[in-house]
1. Which of the residues spanning the range 75-118 are under 24 Å from Thr324 (Cβ atoms), in contact with a Phe, Trp or Tyr (Cβ under 9 Å, 6 or more places away or on another chain) and among the polar types (S, T, N, Q)?
2. Given the conditions (1) out of contact with any Phe, Trp or Tyr (no Cβ under 9 Å at 6 or more places or on another chain); (2) surrounded by 15 or more Cβ atoms within 10 Å (Cβ to Cβ); (3) at negative phi, which single one is not true for Glu142?
3. Just to check your reading of the model, which residue among Thr98, Thr119 is among the polar types (S, T, N, Q) and either at pLDDT 90 or above or touching a strand residue (DSSP E or B) at 6+ places or on another chain (Cβ under 9 Å) (or both)?
4. Only one residue in Ala240, Ala233, Ala198 is at pLDDT below 80, surrounded by 13 or more Cβ atoms within 10 Å (Cβ to Cβ) and under 25 Å from Arg338 (Cβ atoms). Which one?
5. Report yes if Arg343 is part of a helix (DSSP H, G or I), of a type in the set (Lys, Arg) and modelled with pLDDT of 85 or more, otherwise no.
6. I'd like to verify a number: residues in the range 319-341 that are within 18 Å of Leu107 (Cβ to Cβ) and surrounded by fewer than 15 Cβ atoms within 10 Å (Cβ to Cβ), how many?
Amino acid sequence: MPRLIPFHANQLSERLQLTLLAGGFALLVALAWDAVPAHPTGSTAMAELRFGGKAYGLPLQRLPELEHLTRRHFQTQEAAKLRDVTALLEQDIDTLFTQAHARVPELADWYYSLGGEYTRLMLPVLVRGGVLAADHLAERTERMLFGEQLLADHLDTMRGNIEDLLLQHSIASRRAWQADVTTALEGWGAVIEGAENAGINLDRFSQRLIGYDSPEFLARMTVSSGAGMGAMAGPLIWQAASRSAAASGRAAATRGASRVAGRASSAAAGGALACAPAGPAAVGCALLAGGAAWLGTDWLLLRFDEARNRQALEASLHTALTATREALGNDLSQHYERISLNRLQILTAEIEHTFIPAYHRRHRTPGTDPL
């Protein structure tokens, strides 16, 4: 008969402990395994994005590269755009002021004409009578230098040219970015069938870019602060001419009621003496003779003044034009630099709004866990 093996209570206790220990270890392994994202063997975490009406699966590690490609593209394009705008701006301003410098002799001719002389002398009376505006001399100076348009009107034309350039550049930049992204996705990702709600929507980003390329948006961005300088150009240039005339002593010699009254009485006396034998026609003769003497005297005084001071007057006009051109160029350059910086900040915010949230989502193999 087989012998019975004696049973000891301490052996049961040891086996129970081993069993419980093994079970606890298995439970810990199972919990740890469940905490790891479940990817099929050999698969990598993927990001889903929509572009060109298609949904793509992109390896997650490629996402920063795509964002960097987008940032770099628009930074480079914005810098190129600013260079082109600056070049066009300098070209237009140089053309405008070169023509203005060439018209300085024409303005000097008017200044030393009888018409110009009497316009300046009679301006206060003509303004009080409502015949001329108070800024007539400044406006006439500006029109004679810049053509029939005022400088502010020329600036409006220049701004329109720059807006056209910005529009063309922005459209080309957006299309180039789309081509770069298409190439990158063809090399990095794969089309996902049936993915309706992709996590990164580059189509939406592209649509916002179209809004930033619209003429209305560009017009709001390019309302030029140079308009203020344009409105002040005529008065500034005329003041420079007036200061030059005053410095030459012309103001004391050619303006003022005493000069006008003195010449009027002298001319009247001379006319009456010359027409004394004319009988009943003496009054009319005196007026004609006196007027001729007045005009002749003024003409001689203008020729004398021109011979002495025209060169200084033209120099002062050229100096005023140069100073206006420099101030206007600096003002507009800074204005478009601010526009470029603002636009780049807007685009950077759009890029961050598009890409950054994707880094905080839970990424799985496309189709198994929507973003």
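1. Thr86, Gln99
2. The number of the failed condition is (1).
3. Thr98
4. Ala233
5. yes
6. To start, the set of residues in the range 319-341 that are within 18 Å of Leu107 (Cβ to Cβ) comprises 319-325.
Still in the running and surrounded by fewer than 15 Cβ atoms within 10 Å (Cβ to Cβ): 319, 322-323.
Within the range 319-341, residues that are within 18 Å of Leu107 (Cβ to Cβ) and surrounded by fewer than 15 Cβ atoms within 10 Å (Cβ to Cβ) number 3.
The values are calculated or read from the model by the stated rules, or taken from the named source; none is laboratory data. Model, not experiment: these values are computed from the prediction. Don't worry about glycine lacking a Cβ; one is built from the backbone with ideal geometry, like all the others, and counts go over all protein chains shown.
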